[in-house]
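Worksheet: the structure to be examined is printed underneath.
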Amino acid sequence: SLPVGASLDSPDPVLERVPAKDPHNSSQGEERKFLAHQPILLDKLSNSFRREVVNRSFSMKAANRNDEDLENGMSEKDTEKSVRSNKAVTVHNKALLSGVAYCISSCSMILVNKYVLSSYDFNGGISLMLYQNFVSVVVVSSLRLFGIISTEPLTWRLVRVWLPINVIFVGMLITSMFSLKYINVAMVTVLKNVANVITAAGEMYLFNTTHDSRVWTALFLMIISAITGGITDLSFHAIGYTWQIINCFLTASYSLTLRRVMDTAKQVTKSGNLDEFSMVLLNNTLSMPLGILLILLFNEVDYLSRTPLLHLPTFWLVTTFSGFLGLAISFTSMWFLHQTSATTYSLVGSLNKIPLSLAGIFLFHVSTSPENSASIFFGLLAGVFFARAKMQDKSQTRS
């Protein structure tokens, strides 16, 4: 006989073994055994019930999440789109940050160079460029020595690939020094718009890039503003304007060829990559022997031996600060060009001429005529119009 409440398919083996000796004792013993194992049965039932409740709870939560996602219009595709948009925002932020850093460093560099060349009446433009590059090499090498940054080793293959772009880089820096010696900052900013015209024409010839009518209209306005600004300039200097025109050609050549040289240089490095610090160290290191050669050719050694400026601590302080700015503009220009294109690099350079021109006029007390001021303002507006036209041209090309 089975005790009351036991089932025929009971899984408990204790309940299956029923003795057949004394019915009365057997019945009492079975009842005691049943009562003894009753907590085990309750625990099993309780555990089974808990698992069922937990499983249903997780199922309900998952269903609620799915319902909430459907109510919010979110699906797997929407999630993937959200991730892509976050990546796009990150890339856009990097381009914006590099552009702002480039504008600040380039404006500061021009103002400090103008202060050294004009306020101190320093005639050693090549020597100033060489010292600035020397400061950059010392800073980058120190950061690498302390393990803060890592740079690619300077191999002969890398130097041979980078040497042509370095010659353009040195020429761009030296012609900028020579033009700043004779031209005020506001007119330099307007004349630099010519580099945008040369860059746009170079992109058409080298990369088969097409520009719409608004871009060419803006470029035409830049040329007109540069011509009218030069005619109405009260402190017109033919030598300074000549150096500035040469600087425009070198600037356009540098921005057009840098990206291609960067891609070629990466193939001859050991790691297959060439970061900004490696390029800065490479550019400034290679400029040292070329700068020394140019100092000898232009006979600046004789001038340096006679000038009393080298005995002034304030002069060394300002020139050393300009060296740090030279490092900043080298790093930010390469960083910004890596994030964008050569045309964007040039047009953002034209946009930062607005605060630079105003600062140059007020800081150095430049005397201008109403006609010259109107030409400068006209040139700055042409730069803004060029920037907007170029951005609209790019958006239409992508769409």
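Structure notes:
- Within the option set 154, 163, being open to solvent by 60 Å² or more (accessible area, probe 1.4 Å) and either in contact with an Asp or Glu (Cβ under 6 Å, 6 or more places away or on another chain) or not in a helix (DSSP H, G or I) (or both) holds for one residue only, 154.
- Some residue of the range 217-232 being more than 17 Å from residue 375 (Cβ to Cβ), more than 28 Å from the chain's Cα centre (by Cα) and open to solvent by 60 Å² or more (accessible area, probe 1.4 Å): yes
- Total residues in the range 270-303 satisfying the condition of being in a helix (DSSP H, G or I) and farther than 24 Å from residue 329 by Cβ: the figure is 5.
- Boolean, residue 99 is part of a helix (DSSP H, G or I) and out of contact with any Pro (no Cβ under 8 Å at 6 or more places or on another chain): yes
- Taking the criterion of being open to solvent by 70 Å² or more (accessible area, probe 1.4 Å) and under 20 Å from residue 249 (Cα atoms), the residues of the range 202-216 that qualify are 204, 205, 206, 207, 208, 216.
- Residue within the range 127-144 that is part of a loop (DSSP other than H, G, I, E, B) and without any contact (Cβ under 8 Å) to a residue 12 or more places away in the chain present: no
- Matching residues, the range 304-321, being under 19 Å from residue 112 (Cβ atoms) and assigned to a helix (DSSP H, G or I): 309, 310, 313, 314, 315, 316, 317, 318, 319, 320, 321
- Qualifying helices (runs of 4 or more DSSP H) (wholly inside the range 326-399; at least 2 residues being within 15 Å of the chain's Cα centre (by Cα) and either crowded, with 23+ Cβ neighbours inside 10 Å or at pLDDT 80 or above (or both)): 342-351
- Just one of the numbered conditions (1) touching a residue at least 12 places away in the same chain (Cβ under 8 Å); (2) surrounded by 14 or more Cβ atoms within 10 Å (Cβ to Cβ) is not true of residue 242: (1).
The values are calculated or read from the model by the stated rules, or taken from the named source; none is laboratory data. Note that the structure is predicted; figures quoted are calculated from it, not measured. No Cβ is skipped: glycine too gets one built from the backbone with ideal geometry, and neighbour counts run over all protein chains shown. Accessible surface areas use protein heavy atoms only, side chains included; no ligands, DNA or RNA. Shrake-Rupley method; radii C 1.70, N 1.55, O 1.52, S 1.80 Å.
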